[in-house]
Amino acid sequence: MALNLYNTKTKSVEVFTPINPEKVTMYACGPTVYDYTHIGHMRKYVGDDILRRTLMFLGYKVHHVMNITDVGHLSDDADTGEDKMEKGAAKTGKTVWEVAEFYTDYFNDTMHAINVLPPTFLAKATDHVPSMIGLIQKLEARGATYETSQAVYFDIHAFPAYGALSGQKLSDKEVGVRDDVIVDPDKKHPQDFVLWFKRVGKFAHHTMHWTSPWGDGFPGWHIECSAMSMEQLGETLDIHTGGIDHIPVHHENEIAQSECATGHTFVNYWVHHDFLRVDGEKMSKSKSNFYTIDDIRAWNIDPRALRMLFLQTSYRKPLNFTRESLDAAAKTLRTLDIFVASHRALSGNGKPIESYLTDFKDALSEDLNTAKALSVVWEILADKNNTPSDILETILVCDSVFGFGLNTILTEKIPQEVSALAEDRQQARLEKKWNQADELREQINKLGYTVNDTDTGYIVLKN
C-alpha cells in the first residue's frame, strides 16, 4: 500500500517513492543540547517516530539518522548572538562538554520515556568536524564561498534557486533584513551564512574549536546537518524532517550548500511538524508554561499519554496543550492498557482482523492521519462479532505504529508485595470495608502501581 505524504518542497501530498525500495533514508534534525528537552520537542520527535514506524509497518527498512548539535548553533539562526552551548555552560557553571553530555542524556531519557525508537545512527556534530571541513572545501572549489577576517561564508547568489522550499524570493527576504544583523563589515549580502567561524573577535575564547584551512575555529550550524546527513545517507536523501521554524533559514541553507557541493537534489521529501502551544500561548520559561518529562512525572501521569495527545491532531496542524487535555489522553490510554491487561491470557491465540488492518493502513496512508487511525482502534474495541483474542492481536499490530508499548503489559511481572496488597483490597471490597480498600489502593499507588476494577475482578498496572 502506498504512503501519501505531504512534501513541503512541492507544497502537495505525493505518493512516497524511495530511491531504493530496500532501504529508506531518513534524516531528522536533532536537538541542540544546551537546555532541557520540553514537550514541544517531544511532539516533533513523536511525529518522526510515527513516520518511521509507519514506513516499517508498510514493509520498508528505514535507515534513520539524527544529529546532536553540540557546537555551532548561535542564539539567532541568522548567525548572530551567542553560541548556545557556551550560553548553557555559562548558565550552569559546567564546561561545554559537560553541558552537552548532561542534556544529551536528558534528551535520550525523555525519548525512552515516550517510547520513541532510537535512531539507527546518532550523529554528534563534534564527531563530524572533518566531514564539515571537507564539504566547505568542496564549496570553496566551486566558487560558492568567500572568506573574511571573521568567517567563511556561503555566497547566497551562488544558488539561484534559494527560497524554493519556503516560497520566499531572495529579493523579498533581503528587503526586510535589519542593518544590525550584518555584524561582519566584510559580509557581502545579508543572507549569506557562515560555514566556518574563526576564533577571533567575540569568539576569540570559544571553548570548542578545531584546526582548519581557514584558521582555528568551529563550524556553522547549517553545514553540520548537510555534512552529517550526506556522510551517513548519501548525497540525496529520501526524507528530511524538522520543525516548521526550520523552513525559512536552516533548511533553505542546507539545500543551497548541499546542492551547490554535489550538483544533485539534496532531499526528495521534506516533512515538517507544526508547533505546540501551551494554554494558547507560546511556551516560555518566563510564562511558567515550559514543561519537561520531569513535570509529567511529577503530575503522576504516564509519559506515554503525551503520545496519545499528539496523535489526536495532524502533525501539520498546531496543537494546544492543556493539563486537561493531557489528563483526558491519559484516561484514554488507560482504556487500552486495561483491555490488554484483562486479556493477557489470550495473547498469541488470535489472528489480526484484516478488515480493520486495511482501514488502519488506509488512514496512515492519508499523510499519517493518526486521528483516523485511532478511530479504527476504538471500532476494534467496540467489536462484538470477533473473538477477544483476535481483537487483542489486532490492537497489538496497530500499536506497532502508535508506539504505546502495549506488548510490554503482556510480560509485565507484578511484584509479590503489590499483588498481595491488591488481593487484600479485593477482599476488603467484598466485605464492604471501603475505607480499608481505599487505604490499600493508596499503598499500591505509592509503590508505583494502580489497581483497576473490572467486571470480573481487578487488574494491576504500572503507573
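The test for being outside the structural domain of Asp453 (by TED's automatic domain parsing), of a type in the set (Lys, Arg), touching a residue at least 40 places away in the same chain (Cβ under 8 Å) and assigned to a loop (DSSP other than H, G, I, E, B) does not hold for Arg307. Here Leu122, Leu135, Leu117 are screened, and the one residue that is out of contact with any His (no Cβ under 9 Å at 6 or more places or on another chain), closer than 26 Å to Thr241 by Cβ and outside any helix (DSSP H, G or I) is Leu122.
For the stretch 231-247, a tally of residues being in contact with a Leu (Cβ under 8 Å, 6 or more places away or on another chain) and over 15 Å from Leu5 (Cα atoms) returns 1. Can you name the residue in the stretch 68-82 that is at pLDDT below 80 and of a type outside the set (Gly, Ala, Ser) and, of all such residues, is nearest to Asp127 (Cα to Cα)? In this case the residue turns out to be His73.
One residue stands out among those in the stretch 106-118 that are touching a helix residue (DSSP H, G or I) at 6+ places or on another chain (Cβ under 9 Å) and not β-branched (Val, Ile, Thr): the one that is surrounded by the most Cβ atoms within 10 Å (Cβ to Cβ), which is Met111. Take Tyr103 and tell me if it is surrounded by 19 or more Cβ atoms within 10 Å (Cβ to Cβ) and either touching a helix residue (DSSP H, G or I) at 6+ places or on another chain (Cβ under 6 Å) or more than 26 Å from Asn289 (Cα to Cα) (or both). In short, no.
Going through (1) of a type outside the set (D, E, K, R); (2) under 19 Å from Trp196 (Cα atoms); (3) over 30 Å from the mean Cα position of the chain (by Cα) one by one, Pro160 falls short only on (2).
If the condition is being small (Gly, Ala, Ser) and not in a helix (DSSP H, G or I), then the stretch 225-245 contributes Gly234, Gly242, Gly243. When Lys384, Lys331, Lys372, Lys351 are checked against the criterion of being basic (Lys, Arg), closer than 24 Å to Val271 by Cβ and either touching a strand residue (DSSP E or B) at 6+ places or on another chain (Cβ under 9 Å) or surrounded by fewer than 20 Cβ atoms within 10 Å (Cβ to Cβ) (or both), Lys372 stands alone in meeting it.
The values are calculated or read from the model by the stated rules, or taken from the named source; none is laboratory data. Because the structure is a prediction, the values reported are computed rather than measured. Note: ideal-geometry Cβ built from the backbone for every residue, glycine included; neighbour counts use all protein chains shown.
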